[in-house]
Amino acid sequence: MRRIAPRLTAHVGLLTAAVALTVPATAGPAAAGPAPTARAAVAVPQFRSVRLPIKGTFKGPAENIAVTGTLDVSVITVPNAAGGGTAQIISSLDDTSGTGDPSGGTYDLVGADRAGLPFSAAATTTLKINPRFLLISPLVPPNPVVPPNPIRPVTVSVTLASTGAIGAVTATVGNPST
């Protein structure tokens, strides 16, 4: 009996602990304590990625170039708790080429660009950027022998709410106005 009593006591103790963890305790009258405080608003980052067809003409280093291709744009916003915040806009060209006028030469446009911009706590903000890409000229074969020219033929526009919510994302081809 001496051996059974300690084991039985241990089992009863474990059973009591298990029941105490699974069955909610009944609360007595609420004790006066500090009032619950409101939780601070948490700013949640937003992300959106779009694939945009691009088509248009811009003035290149030597001639006008008619461009067709695809632009991938990813937007990441990190809002502040009080509104506004920072937006990262990442633009990259995919299968994009151009034809020179009047030469008829084929240009390759390649590259990716990233811009970090603040957005305001106003109702909406439209951010406009001109990402930098590389223009590979067809003048001297093979093309990589000629150093690529940095160009900014595309304007990307992103509409953001003060909370960081991402609205319209568009892209146009043409020389940016200064």
Estimated inter-spin distance, A62 and S157, nm [label 7 Å along Cα→Cβ]: 3.4
Rounded to whole Hz, the Karplus (6.51, -1.76, 1.60) HN-Hα couplings of region 104-121, x for glycine and proline: x, x, 9, 9, 10, 10, 9, x, 9, 9, 10, 10, x, 10, x, 10, 8, 7
Long-range amide H partners of I54 with built H, under 5 Å: G69, T70, L71
Accessible-area composition of region 66-172, carbon plus sulfur, in percent [1.4 Å probe]: 57
Environment charge of P153, counting only residues whose C-beta is closer than 11 Å and scoring Lys/Arg +1, Asp/Glu -1: +3
Amide H contacts under 5 Å for G105, placed H, 5+ residues apart: G100
Local electrostatic count, A112, Cβ distance below 12 Å [Lys/Arg +1, Asp/Glu -1]: -1
Charge context of S137, other residues only, Cβ under 12 angstrom, K/R +1, D/E -1: -2
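The values are calculated or read from the model by the stated rules, or taken from the named source; none is laboratory data. Source: prediction; values computed, not measured. Because the Cβ atoms are built from the backbone with ideal geometry, glycine has one as well, and the counts that use them run over all protein chains shown. SASA here: full protein model, heavy atoms, side chains in, ligands and nucleic acids out. Shrake-Rupley method; radii C 1.70, N 1.55, O 1.52, S 1.80 Å.
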